[in-house]
Amino acid sequence: MGDLGSLLDLSFLFTAILLAGALSGYLSERAGIVNLGIDGMMCVGALFFGIFSSTAFWGGVPAFPTIIIALLLTMICTMIMGAMHAFVCIHLKADHTIAGTAINLVGLALATFLNPTLARYLYPGASNSRIMCQYSSCLPMGPSLFGSSLIIFLVVLAIAIAIFFVVNKTKVGLRFRAVGENPNAVDAQGISVFKYQWVAVLLSSAMAGLAGGLFLFKVTAFNGDVQSLGYLSLAILITGGWRVPKITIFAIVFALFNAAAGTTTFTQLGIPQLVVFAIPYIITLIVLLFSGRKSLAPAHSGIPFEKGMR
Amino acid sequence: MNSSPKSLFQIKLNNKWQKFVHSDVRQSTTKKILATIAAIFAAFVIAIIIACTVSKAWDKAGQIIGTIFSSGFQDKYLNTLFSNMAILVVGGLSFIFAYKAGLFNIGISGQMVAGATGATLICHLAGLPSGANQFIILIISMCLGALFAAIVGALKAYLKINEVVSSIMFNWIIYFMSILILGSAAIPHDASNLNTDAPVDSLLFRMNGESLIPLLIMAGILIAIVALVLNYTVFGRKQRVTGLSNSGALAAGYNVKANMIASMAISGAIAGVLGVMIYCGFSPNMPVTAAAKAIPQDGFNGISVGLISMCSPLASVPVSLFFSMVKTSVSDLQILNIDNHISDVIFGIVVYGAAAIALFLNLKPYWLTLDIVRGKNYSKIKHERNMTNIELLSLSTDQCSILHKYYAFYQKQQRIRSTYKLPWYIRVKIWWANVRYWVVTKQSQLRIKRNKTKDVYSGKLYYKQEMVHLVVNRHEELVADLKQEKRSGWYVKVSDKVLTSPDLFKKVKDATDFAVSQELMKDLQKANEEFKLHPFSDHEIRLVPLLSYLQNLRTGLTYRIEISKQNKLTYFALMQTKEQAESIGLAEIRSKKQYEFARSVYFKAYQKTYDLVKRHYDTMVKTFGRDKQLNILGVRFNPAVLNTLYMNNLKKEISSIGHLINCPLSKAQLREVGALVSETTYLQSKIESSGAQAISFRKMAQPYFEKNKKLTKEAEEQYLELKAKTKKINQMVNGPLASAQLPAINELIQQADEINIAITNTKVDAADARDTGQGYIDRCKQLNDEVAEATQRRDNANRKIASIVEKARNDEQNIKQQKFEAQRLANEKAERELRRLAERRARKKAHNAKAMKGGQPWAI
């Protein structure tokens, strides 16, 4: 039971991270902006969460309720990266792929560059020169089914459900989707496309920041990169066909694989660990192969919006 | 809808500031290069700022920059620098080739790893000899890279799967699989070093300072191939077309899917080369571990290079040199307590700059370049230029600086005026003057008084004096410059108009008066509107200055004239004539007589111009009609019409000479004769004037000759007297001398001396008189000669005119004769024709009669 418990615990946390990352991609892509830079944004989010969760920030060992404030602050601060992406994609009409690549590179580089200095500053006495999560004492990641990672998972699931209802059932959400499908039609209605896109990218970066913050629960010491979870969440977004329920399901599946790779579950069956790591990507490719023709993606994603075009 | 799409950023910039900063020119190569340099520079600066703030090493900022630029060129790092450069270049080329075909190959790293892994594996298993396997490794690696890339391309082409997504997936799959394969393959080789082993270390050319040249050669060959293929082959051009417009390539009949797959495959092949270069040439092992979960960054660095070099294979060389400089300086920077990931930060920000390249492309930092090119004071002068809207051409930097001084003085005065308040009693005075000016009447005297009180106390007076001083100086300078450069004049351009020196000097002189100068500036500001007609500030009225049109009538230019109402036209004529008349008559009035003369000139000019303008308006209305709908008369004068008008004018002038009336002259002849007639009239006047002058000179010479005669006579008389005196003295000296006689002798000698002096004086006077007389006579002769020459020329001209006229008349006669001859010939022909017709009719009649007799009336 202990083995299974730790596996489930880890997979809950992974699901939360991946779901948050995939929702980040979902939010921006529904408004027509491709966000390839989830990975970079997650790196920066992890960095910020390291700052806001530290004892140096709270002036003592942080109490449990402050975790909400810390995560919110992380989300707000990660919006800087989102603003960078939005400015370049929306106003300068740059290629979204180039911008996303740049965000990835910048995020990863900044996180790795600032990591040791910040750690030295935040934990003056410690020998460890890596950022870490200091909530682990009050939020135990125990090898049990009903650990704190279940709470995190439920919270992120609630966010996902909320996003699903807002996007699919409310006026604002439908407008939001329309921006991704046909912004010129939205513009013709007198609705500001730029505003919606800005909000989308900022929310997306906030979600990525949340994912990065949650990632810090998983590792004991932040290395500067998020172990390609950003790319994996992109894969989930694509496999899930840009629909929230499917995304949630695939997040759980991928998280299970990823969590199982860390344990001895598969190696006991004779499957190497590296193959397990690669399985989510292979699944994505296969799903792409079968659903590529249908083009489930928002029609106008990746194309800069221009008012003059019909 | 707006046809040219603009981003919100551009629209928001659409104010005065945008004019200085924003430009729509994007296509020029220099601009692209400058934008790239600017992006790199900005990224560099930002990264340095981040590094300095993080490590709290602001005092070491200069040292850091110095290290980055210099440490790569040390002997120990030289190899690393250039091999890094080669690797970056090849990565960039791989990206560029796919990007030119519209494919964003983010999987360079994966393809590279795949190629290197496959090559290593096969060579390791096969155990090939060390001489041959270098090329085999290369080929296998290229093939494997191309295979994976081609799969991505095929997915894109046939299933429309986004190449970015699929290549990211492939990246990770390849990464994990290659670690697995390499690990298992290396077990027999070296079990202790599973993941970081590269069995080819001993097989291919070694790095460590030995295989720099092969790397550079490979990079060079690839640069040449990519540049040539993309720019000078049909294949490459087709790739680029596919990249620019998919539908366009389809319409042109290209096999778009094959093109996509081919370009991706070539990109993958280059990535394979990159893998060999890195893992077999540069570093002796492959640092991939399962735990790190980090794909090698070299592929992403290649993307950075490709993006920042704007997808130009040649530009990727300097860019990658810069990148490798940053990369190799990392180990030296660690001594300065800076983390070795600073190079990644710089790369990342540079790529972000590449994404935001539109920002740098639209920058227009021309004020910087102009300052460098034209000299220090130009940007200061520019302000003035903007104010007056004058483009000062042909001014040197020194002249610019003088003008700037002059402007600065004015500004200083303004500042003084604004900062220091005038004393209360003066303010009251000015206020009272204002009140009187506004309330009572707008009398000019009052205005002058008010302005004077203001001027005296506000420092404007000094400004005026300084202006006068400067203008005088400036005039002298300019004249000197003209002499030095051997030019006839200088000019200033006001928008489209060109003001020549005399006009402008008048304006500059006027500008010394403060009020006038303000008006002048306003005028020059409004000079953009092509025609200066301020009295009607009505936007629909754009009248042509008719006077200038009249002046330009002879040049035969075309004008577009738009007139709305006649009364406005007359008013305009009035204003123009007033100006003209003032410029003629009232410019320099000194005496009452002159003033009267000027008045008469004024009225004459007014009448004349008014008539001209009216007449031309009437002709315009007659010839071109009025557009009723618009209530605007649209007129376009073509050169032919202007020419006829000119010719009529000339005919009138020529017909004033008696014998030329009704002379049949052609247009060219008319022009020639016109010139000759004007010359003859000029010569005639010259002859008359100089003849009169000659006569007057002769008259003036006569009294001097008389004076000369008189003086010579006087001198002779005096000489006789002197002779008598000397005789007396001689007698007295020869005779017996008494002491009492000595004073008498002395006196006589003195008298003789005086007479002597007088003689010389009179002689001199006589000579002077003679010379002056002679001078007048000479002038007279000279004038006579001139008269003779002029008469000769006049006669020549007259003869020419006569010959032209004769020729014209002869021509006319000839034409007449020819016409007559032609008429005669035509008449003869017509007669012949008539005769023939009559004969034919007769024949027909006879034939018909004959047929009637034969009982066949229908046969003709």
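Scan (1) buried (at least 16 other Cβ atoms within 10 Å of the Cβ); (2) modelled with pLDDT under 75; (3) over 43 Å from the mean Cα position of the chain (by Cα) for the single condition residue B:646 breaks and write down its number.
(3)
If a residue has to be within 11 Å of chain A (Cβ to nearest Cβ) and open to solvent by 10 Å² or more (accessible area, probe 1.4 Å) to count, how many in the range B:144-153 make the cut? Write out each step before concluding.
Filtering the range B:144-153 for residues within 11 Å of chain A (Cβ to nearest Cβ) gives B:151-152.
Now drop any that are not open to solvent by 10 Å² or more (accessible area, probe 1.4 Å), which leaves B:151.
Result for the range B:144-153: 1.
Answer yes or no: is there a residue in the range A:64-86 that is part of a loop (DSSP other than H, G, I, E, B) and more than 12 Å from every other protein chain (Cβ to nearest Cβ).
Within the range A:64-86, the subset part of a loop (DSSP other than H, G, I, E, B) is A:64-65.
Imposing the further condition that a residue be more than 12 Å from every other protein chain (Cβ to nearest Cβ) reduces the set to A:64-65.
Within the range A:64-86, one or more residues are part of a loop (DSSP other than H, G, I, E, B) and more than 12 Å from every other protein chain (Cβ to nearest Cβ).
Only residues that are over 22 Å from residue B:105 (Cβ atoms), touching a residue at least 12 places away in the same chain (Cβ under 8 Å) and of a type in the set (A, V, I, L, M, F, W, C): list them for the range B:303-348, please.
B:321, B:322, B:325, B:326, B:330, B:333, B:336, B:338, B:342, B:345, B:346, listed by residue number.
Tell me which of these residue A:300 doesn't satisfy, since it passes every other one: (1) farther than 26 Å from residue A:179 by Cβ; (2) open to solvent by 30 Å² or more (accessible area, probe 1.4 Å).
Unmet condition: (1).
Can you go through B:68, B:40 and tell me which one is open to solvent by less than 30 Å² (accessible area, probe 1.4 Å), away from chain A (no Cβ under 14 Å) and out of contact with any Lys or Arg (no Cβ under 7 Å at 6 or more places or on another chain)? Before the answer, list the steps.
Details: B:40 fails: away from chain A (no Cβ under 14 Å).
Answer to the check: B:68.
Out of the range A:70-110, which residues are β-branched (Val, Ile, Thr) and over 18 Å from residue A:211 (Cβ atoms)?
In the first step, residues of the range A:70-110 are kept if they are β-branched (Val, Ile, Thr); the result is A:74, A:76, A:78, A:80, A:88, A:90, A:97-98, A:101, A:103, A:106.
The answer is A:88, A:90, A:97, A:98, A:101.
Go through (1) open to solvent by less than 30 Å² (accessible area, probe 1.4 Å); (2) within 23 Å of residue B:343 (Cβ to Cβ); (3) within 7 Å of another protein chain (Cβ to nearest Cβ) for residue A:104 and report which single condition fails.
It is condition (3) that residue A:104 fails.
Among the residues of the range B:748-764, how many are open to solvent by 80 Å² or more (accessible area, probe 1.4 Å) and within 30 Å of residue B:701 (Cβ to Cβ)? Spell out how you get there, then give the answer.
Let us first name the residues in the range B:748-764 that are open to solvent by 80 Å² or more (accessible area, probe 1.4 Å), namely B:750, B:753-754, B:757, B:761, B:763-764.
Imposing the further condition that a residue be within 30 Å of residue B:701 (Cβ to Cβ) reduces the set to B:757, B:761, B:763-764.
Result for the range B:748-764: 4.
Going by the conditions given, is residue B:7 within 13 Å of chain A (Cβ to nearest Cβ), modelled with pLDDT under 70 and either within 30 Å of residue B:151 (Cα to Cα) or open to solvent by less than 20 Å² (accessible area, probe 1.4 Å) (or both)? Walk me through how you get there before you give the answer.
Numbers: within 13 Å of chain A (Cβ to nearest Cβ): yes; modelled with pLDDT under 70: yes; either within 30 Å of residue B:151 (Cα to Cα) or open to solvent by less than 20 Å² (accessible area, probe 1.4 Å) (or both): yes.
The answer is yes for residue B:7.
Yes/no matrix, rows are residues, columns are (1) of a type in the set (A, V, I, L, M); (2) out of contact with any Gly (no Cβ under 8 Å at 6 or more places or on another chain); (3) modelled with pLDDT under 90:
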| site | (1), (2), (3) |
| --- | --- |
| A:141 | yes, no, yes |
| A:144 | no, no, yes |
| A:163 | yes, yes, no |
| A:187 | no, yes, yes |
| A:201 | yes, no, no |
| A:229 | yes, no, yes |
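Here is a yes/no grid of residues against (1) open to solvent by less than 50 Å² (accessible area, probe 1.4 Å); (2) of a type outside the set (A, V, I, L, M); (3) closer than 30 Å to residue B:678 by Cα:
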{"residue": "B:712", "(1), (2), (3)": "no, yes, no"}
{"residue": "B:731", "(1), (2), (3)": "no, yes, no"}
{"residue": "B:771", "(1), (2), (3)": "no, yes, no"}
{"residue": "B:775", "(1), (2), (3)": "yes, yes, no"}
{"residue": "B:782", "(1), (2), (3)": "no, yes, yes"}
{"residue": "B:797", "(1), (2), (3)": "yes, no, yes"}
{"residue": "B:803", "(1), (2), (3)": "no, yes, yes"}
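Does residue B:718 fit the bill of being assigned to a helix (DSSP H, G or I) and surrounded by 15 or more Cβ atoms within 10 Å (Cβ to Cβ)? Don't jump to the end; show me each part of the working.
Values: assigned to a helix (DSSP H, G or I): yes; surrounded by 15 or more Cβ atoms within 10 Å (Cβ to Cβ): yes.
It is true that residue B:718 is assigned to a helix (DSSP H, G or I) and surrounded by 15 or more Cβ atoms within 10 Å (Cβ to Cβ).
Determine which single condition residue B:353 fails, assuming it passes every other condition in (1) at the interface with chain A (Cβ under 10 Å from one of its Cβ atoms); (2) more than 37 Å from the chain's Cα centre (by Cα).
If we test residue B:353 against (1) at the interface with chain A (Cβ under 10 Å from one of its Cβ atoms); (2) more than 37 Å from the chain's Cα centre (by Cα), just (2) comes out false.
Please determine, by comparing only the residues of the range B:72-99 that are within 14 Å of another protein chain (Cβ to nearest Cβ) and under 23 Å from residue B:256 (Cβ atoms), which one is most open to solvent (accessible area, probe 1.4 Å).
B:99
Is at least one residue of the range A:37-58 at pLDDT 90 or above, closer than 23 Å to residue B:306 by Cα and part of a loop (DSSP other than H, G, I, E, B)?
yes
Conditions first: (1) at the interface with another protein chain (Cβ under 10 Å from one of its Cβ atoms); (2) in contact (Cβ under 8 Å) with a residue 24 or more places away in the chain; (3) in a helix (DSSP H, G or I). Residue A:289 passes all but one, so which condition is the exception?
Of the numbered conditions (1) at the interface with another protein chain (Cβ under 10 Å from one of its Cβ atoms); (2) in contact (Cβ under 8 Å) with a residue 24 or more places away in the chain; (3) in a helix (DSSP H, G or I), the odd one out for residue A:289 is (2).
Please verify whether the range B:693-702 includes one or more residues that are closer than 27 Å to residue B:762 by Cβ, of a type in the set (Ser, Thr, Tyr), in a helix (DSSP H, G or I) and open to solvent by less than 100 Å² (accessible area, probe 1.4 Å).
So the first thing to find is which residues in the range B:693-702 are closer than 27 Å to residue B:762 by Cβ, and the list is B:697-702.
If we keep only those that are of a type in the set (Ser, Thr, Tyr) too, we end up with none.
Among the residues of the range B:693-702, not one is closer than 27 Å to residue B:762 by Cβ, of a type in the set (Ser, Thr, Tyr), in a helix (DSSP H, G or I) and open to solvent by less than 100 Å² (accessible area, probe 1.4 Å), which makes the answer no.
Filter the range B:53-63 down to the residues that are within 14 Å of chain A (Cβ to nearest Cβ) and crowded, with 17+ Cβ neighbours inside 10 Å and list them by number. Please lay out each step first, then the result.
The initial filter retains those residues of the range B:53-63 that are within 14 Å of chain A (Cβ to nearest Cβ), namely B:53-57.
Result: B:54, B:55.
Of all the helices (runs of 4 or more DSSP H) wholly in the range A:167-248, which have at least 2 residues that are within 14 Å of chain B (Cβ to nearest Cβ) and over 30 Å from residue A:135 (Cβ atoms)? Break it down stepwise before answering.
Values: elements: A:171-181, A:183-188, A:193-218, A:229-239.
Helices (runs of 4 or more DSSP H) meeting the threshold: A:183-188, A:193-218, A:229-239.
Take the range A:268-282 and flag every residue that is within 12 Å of another protein chain (Cβ to nearest Cβ) and either assigned to a helix (DSSP H, G or I) or open to solvent by less than 10 Å² (accessible area, probe 1.4 Å) (or both). Give the derivation first.
Within the range A:268-282, the first condition is being within 12 Å of another protein chain (Cβ to nearest Cβ), and the residues that meet it are A:271-282.
Once the filter is applied, which keeps residues that are within 12 Å of another protein chain (Cβ to nearest Cβ) and either assigned to a helix (DSSP H, G or I) or open to solvent by less than 10 Å² (accessible area, probe 1.4 Å) (or both), the range A:268-282 yields A:273, A:274, A:275, A:276, A:277, A:278, A:279, A:280, A:281, A:282.
Restricting to the range A:245-257, name every residue that is under 18 Å from residue A:38 (Cα atoms) and either of a type outside the set (A, V, I, L, M) or open to solvent by 10 Å² or more (accessible area, probe 1.4 Å) (or both).
A:248, A:250, A:254
How many residues, within the range A:190-229, are open to solvent by less than 10 Å² (accessible area, probe 1.4 Å), under 23 Å from residue A:303 (Cβ atoms) and of a type in the set (Gly, Ala, Ser)?
The number of residues fulfilling the criteria is 4.
The values are calculated or read from the model by the stated rules, or taken from the named source; none is laboratory data. On a predicted model such as this, the values are computed, not experimentally measured, just so you know. Using ideal geometry, Cβ is built from the backbone for each residue, glycine included, and neighbour counts are taken over all protein chains shown. For the accessible areas, the whole protein counts, side chains as well, though only heavy atoms, and no ligand, DNA or RNA atoms are used. Shrake-Rupley method; radii C 1.70, N 1.55, O 1.52, S 1.80 Å.
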